[in-house]
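The values are calculated or read from the model by the stated rules, or taken from the named source; none is laboratory data. All of these numbers come straight from a predicted model, not from anything done at the bench. Here Cβ is always computed from backbone atoms with ideal geometry, including for glycine, and neighbour counts include all displayed protein chains.
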Amino acid sequence: MEQERISIVVTGDICTYGVLEEELLAGRGQSFIAPVAPLFRAADLVIGNLELPLCRRESPIAKCGPHFRASPDVALPLKQLGFDGFTLCNNHIMDHGVRGLRETLQALDDAGLPHCGAGLTHEDACGPASFTLKGHRIAVFNFGEGEFAQAQENGPGAARLDPFWPEHRIQQARGEFDLVIVVLHVGNEYQPVPSPVTVSFCRQMAAAGADAVIAHHAHIPQCTEVFEGTPICFCTGNFLFGPEDKEYDKIVEIETGWYAVTAVELTFSEHRAKLQLHPFRQARDLTLELLSDSAREACDEYLTRTAGIVAGPVEHRRFWEQEARDLFRGFATRLPDLAANLNSVDPQIVQRTARGLYNTFRCDAHRASRQTGFRLMVENRLDDDHEAQQELAHLRELVRRWILD
């Protein structure tokens, strides 16, 4: 790439249900992103992750977790906010089945919003959204763990993060595009330190030829690094996500990172790539706000400390094992009930339990936490690492300050 600078902004999860949908359809969406608007206007390209289908009718699939949906009419207001395209590979894009996916693709096409990461065939889902910026061709790919949204065989759904498709497509694109951006939907929710599995996925995409790798899904911002010259963000956190005002305090307390927001700015010039995180927070009314000085200090300390943990393989493994202990305990205490449910005479209970267990083992993030927990049990190391536990508590407190100070 020559001297000319290209700026690309990538955001995390956008889930426009409830009050967010109402405000967007009423034309008041700009007030929700006011602090981010200058960043959007200055960028050559803005990409968001659309974390729900845009469809008019409910047709919920059998899955774990909630089913989200918004009107297809939301697509144009999202474009008016400044978004130029969307990634669709996530665990909610198939919440309302093939019908919901088809309506989503049509709504985005009608609004003139390129998209990637989900399609009516898996081959289409693995294709890039392409853009031309200042004479340069840009490819944006999107893959993920997807859970119940993942395409099976070559059927409809989200692009699988498997051993073949992502790296193959990235390598193909290197001969066709000047820049290749890879966006992943991966990770263990609400954990300050990304797991070795998440880190490995991101670095694999960089090694395959991506010029930058951006991840989301964990609902908490995570650190960044430069891996062999390629900038990586392990999680952006959410961008615009419910729920309603009455849930705010409970979610801040239980799921610390939910309302901590970053927008990732990538700049490319003279064969150099630079990544900068722009931190914000979602207020009680779900609008985005700039951080106070004390909140910014907490944010900076949090990102610095977590980056230091990931940079050292021994420390990283140690902190991940403590996160895995915490995740595994909840699973282990439920095992007797799960076993009983599988033998229930009620087929609905059997099916619901089977879906949960199936998802535990099919999703890389969930499987890694269970596998690590069992390994620690076998090694008689399931007792807490108190020093790591205290540091993780401190990191969560820093995120709480990011949101509330």
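Filter the range 237-252 for residues that are in a helix (DSSP H, G or I) and either buried (at least 19 other Cβ atoms within 10 Å of the Cβ) or touching a residue at least 24 places away in the same chain (Cβ under 8 Å) (or both) and give the result. Lay out the reasoning, then the answer.
Of the range 237-252, the ones in a helix (DSSP H, G or I) are 245-252.
Listed by number, the residues that qualify are Asp245, Tyr248, Val252.
Take the range 377-405 and flag every residue that is over 28 Å from the mean Cα position of the chain (by Cα) and part of a helix (DSSP H, G or I).
Within the range 377-405, Met377, Val378, His386, Glu387 qualify.
Residue by residue through the range 51-65, note down the ones that are touching a strand residue (DSSP E or B) at 6+ places or on another chain (Cβ under 7 Å) and either in contact (Cβ under 8 Å) with a residue 60 or more places away in the chain or basic (Lys, Arg) (or both). Walk me through it before giving the result.
Step one: filter the range 51-65 for residues touching a strand residue (DSSP E or B) at 6+ places or on another chain (Cβ under 7 Å), giving 51-52, 54.
Correct list: Glu51 only.
Tell me the residue from Val226, Val183 that is free of Cβ contacts under 8 Å to residues at least 60 places away in the same chain, in a strand (DSSP E or B) and among the β-branched types (Val, Ile, Thr), please.
Numbers: Val183 fails: free of Cβ contacts under 8 Å to residues at least 60 places away in the same chain.
Testing whether each residue is free of Cβ contacts under 8 Å to residues at least 60 places away in the same chain, in a strand (DSSP E or B) and among the β-branched types (Val, Ile, Thr) leaves just Val226.
Take the residues of the range 265-304 that are under 15 Å from Arg5 (Cα atoms) and in contact with a Pro (Cβ under 6 Å, 6 or more places away or on another chain): which is modelled with the highest pLDDT? Before you say what the answer is, go through the steps one by one.
Here is the first cut: in the range 265-304, the ones under 15 Å from Arg5 (Cα atoms) are 265-276.
Now narrow it down to the ones that are in contact with a Pro (Cβ under 6 Å, 6 or more places away or on another chain): 273, 275.
Working: Ala273: 90, Leu275: 97.
So, considering only residues that are under 15 Å from Arg5 (Cα atoms) and in contact with a Pro (Cβ under 6 Å, 6 or more places away or on another chain), the one modelled with the highest pLDDT is Leu275.
Do we have any residue at all in the range 185-202 that's in contact with a Pro (Cβ under 9 Å, 6 or more places away or on another chain), within 30 Å of Glu391 (Cα to Cα) and of a type in the set (A, V, I, L, M)?
yes
Could you please give the count of residues in the range 284-322 that are under 20 Å from the mean Cα position of the chain (by Cα) and either surrounded by 22 or more Cβ atoms within 10 Å (Cβ to Cβ) or among the aliphatic types (A, V, I, L, M) (or both)? Break it down stepwise before answering.
Of the range 284-322, the ones under 20 Å from the mean Cα position of the chain (by Cα) are 286-288, 299, 302-303, 306-307, 310, 320.
Checking which are either surrounded by 22 or more Cβ atoms within 10 Å (Cβ to Cβ) or among the aliphatic types (A, V, I, L, M) (or both) leaves us with 286, 288, 299, 302-303, 306-307, 310, 320.
Summing the residues that are under 20 Å from the mean Cα position of the chain (by Cα) and either surrounded by 22 or more Cβ atoms within 10 Å (Cβ to Cβ) or among the aliphatic types (A, V, I, L, M) (or both) in the range 284-322 gives 9.
Taking Ala62 as meeting all but one of (1) over 16 Å from the mean Cα position of the chain (by Cα); (2) at pLDDT 95 or above, write down the number of the exception.
(2)
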